[in-house]
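Participant: One structure coming up, written as C-alpha cells, with questions to follow.
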Amino acid sequence: MEKLLQWVQDKNIKGYKIGIKDIVVENRVYLKCAYGCKDFGKRLNCPPHTINIEEFQKMLKEYNSGIVLIDKVKISEEEDIMKVWEEVRKKSFHKMIEMERQAFKEGYHFAHLLRAGSCNECTECGNFCIKPHMRRFSPEAVGINLSQTLKNINISIDYSKLNEITLVGILLLD
Ligand code: SF4
C-alpha cells in the first residue's frame, strides 16, 4: 500500500487510505443522479446503466481497503468551468486509471477504480460501450455518499472555489 501511495503522490494526486467500513453507500444518492444530472441515462457509466446500489453494496464488502484519490486542478476564474470540466475530467481519469493498473501490478488483482464524474472517452455513448476497458462508474453512480465518506476520514472539500476543480475517485483494493 505504501508503495502505491507514493506512486499516487508522484502523479500529483493526493491519496488517502480508507477502510471499507468508512465508505458510505445510501439509496438516496440515486436521487442526485436521476433528478438533477444532465448525464443520467445518457452515459453508459451512469445510472440506470450501472450495477444497482444493492449489488454494489455486496461487492464492496468483498474488498479489503481503498485509496481516496483527490486531484485538484487550478483553472483561471475567467474560464468557462463547464468547458474546462470536460478536458480536466478526461485528463484526471487517465491518471487515475493508470493507478488501477499499477495496483494490479502490485498484486491487488481486484483493484477497481470508481472514477470522478461521467465518462467522456467518446463524444457520446451508443447502445453499447465501445471502450469497455475504460468504462468505470463514479462513486455516486453506485450510491456512495461521497461527502460523508470523506468526512469519515477527516477530509473536507470546498467546491465553491472558482479557480479550482476538485476530482475525487476511489480505488478499491484487494
Ligand atoms: S467509453 Fe465511450 S461508450 Fe463507453 S461509457 Fe465511456 S463514453 Fe460511453
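The values are calculated or read from the model by the stated rules, or taken from the named source; none is laboratory data. In this text, all values refer to a predicted model and were calculated from it rather than measured experimentally. Virtual Cβ from ideal backbone geometry, glycine too; neighbours counted across all protein chains shown.
Participant: So which of Asn163, Asn145, Asn152 is more than 24 Å from Gly41 (Cβ to Cβ), of a type outside the set (Phe, Trp, Tyr), away from the ligand (no atom under 11 Å from the Cβ) and at pLDDT 95 or above?
Facilitator: Details: Asn163 fails: at pLDDT 95 or above; Asn145 fails: more than 24 Å from Gly41 (Cβ to Cβ).
That would be Asn152, the only listed residue that is more than 24 Å from Gly41 (Cβ to Cβ), of a type outside the set (Phe, Trp, Tyr), away from the ligand (no atom under 11 Å from the Cβ) and at pLDDT 95 or above.
Participant: Let me ask another. Looking at Lys38, Lys21, can you tell me which residue is farther than 14 Å from Leu171 by Cα and part of a helix (DSSP H, G or I)?
Facilitator: Numbers: Lys38 fails: part of a helix (DSSP H, G or I).
None of the others qualify; the one that does is Lys21.
Participant: Select from the stretch 121-142 the residues that are within 12 Å of His94 (Cα to Cα) and within 6 Å of the ligand (Cβ to nearest atom) and write down the one among them that is farthest from the chain's Cα centre (by Cα).
Facilitator: Step by step, filter the stretch 121-142, then rank; the result is Glu121.
Participant: Something else: Mind checking whether some residue in the stretch 29-36 is crowded, with 21+ Cβ neighbours inside 10 Å, charged (D, E, K, R) and in contact (Cβ under 8 Å) with a residue 40 or more places away in the chain?
Facilitator: No.
Participant: How many residues are within 14 Å of the ligand (Cβ to nearest atom) and either more than 15 Å from Asn12 (Cα to Cα) or surrounded by fewer than 14 Cβ atoms within 10 Å (Cβ to Cβ) (or both) if we restrict to the stretch 90-113?
Facilitator: Result for the stretch 90-113: 3.
Participant: Would you please list the contacts, defined by Cβ atoms under 9 Å and residues six or more apart or on different chains, that run from a residue in the stretch 39-60 that is farther than 10 Å from Phe137 by Cα and away from the ligand (no atom under 12 Å from the Cβ) to a residue that is among the charged types (D, E, K, R) and modelled with pLDDT of 95 or more?
Facilitator: What qualifies is Ile53/Glu26.
Participant: Here is a check on your reading of the model: is Gly66 crowded, with 18+ Cβ neighbours inside 10 Å and either more than 24 Å from Asn154 (Cα to Cα) or touching a residue at least 24 places away in the same chain (Cβ under 8 Å) (or both)? So that I can check it myself, show each step before the final result.
Facilitator: Values: crowded, with 18+ Cβ neighbours inside 10 Å: yes; either more than 24 Å from Asn154 (Cα to Cα) or touching a residue at least 24 places away in the same chain (Cβ under 8 Å) (or both): yes.
It is true that Gly66 is crowded, with 18+ Cβ neighbours inside 10 Å and either more than 24 Å from Asn154 (Cα to Cα) or touching a residue at least 24 places away in the same chain (Cβ under 8 Å) (or both).
Participant: Please state which one of Phe110, Phe93, Phe137, Phe128 is assigned to a helix (DSSP H, G or I) and of a type in the set (A, V, I, L, M, F, W, C). If you could, list the steps in order and put the result at the bottom.
Facilitator: Numbers: Phe110 fails: assigned to a helix (DSSP H, G or I); Phe137 fails: assigned to a helix (DSSP H, G or I); Phe128 fails: assigned to a helix (DSSP H, G or I).
None of the others qualify; the one that does is Phe93.
Participant: Give the residues of the stretch 65-91 that are more than 12 Å from Thr166 (Cα to Cα), at pLDDT 95 or above and not aliphatic (A, V, I, L, M), sorted by residue number.
Facilitator: Ser65, Gly66, Lys90, Lys91
Participant: Shifting gears a bit: Filter the stretch 14-27 down to the residues that are surrounded by fewer than 15 Cβ atoms within 10 Å (Cβ to Cβ) and touching a residue at least 60 places away in the same chain (Cβ under 8 Å) and list them by number.
Facilitator: Glu26, Asn27, listed by residue number.
Participant: Sticking with this structure for a sec: Which condition from (1) out of contact with any Lys or Arg (no Cβ under 9 Å at 6 or more places or on another chain); (2) surrounded by 20 or more Cβ atoms within 10 Å (Cβ to Cβ) is the one that Pro139 breaks?
Facilitator: (1)
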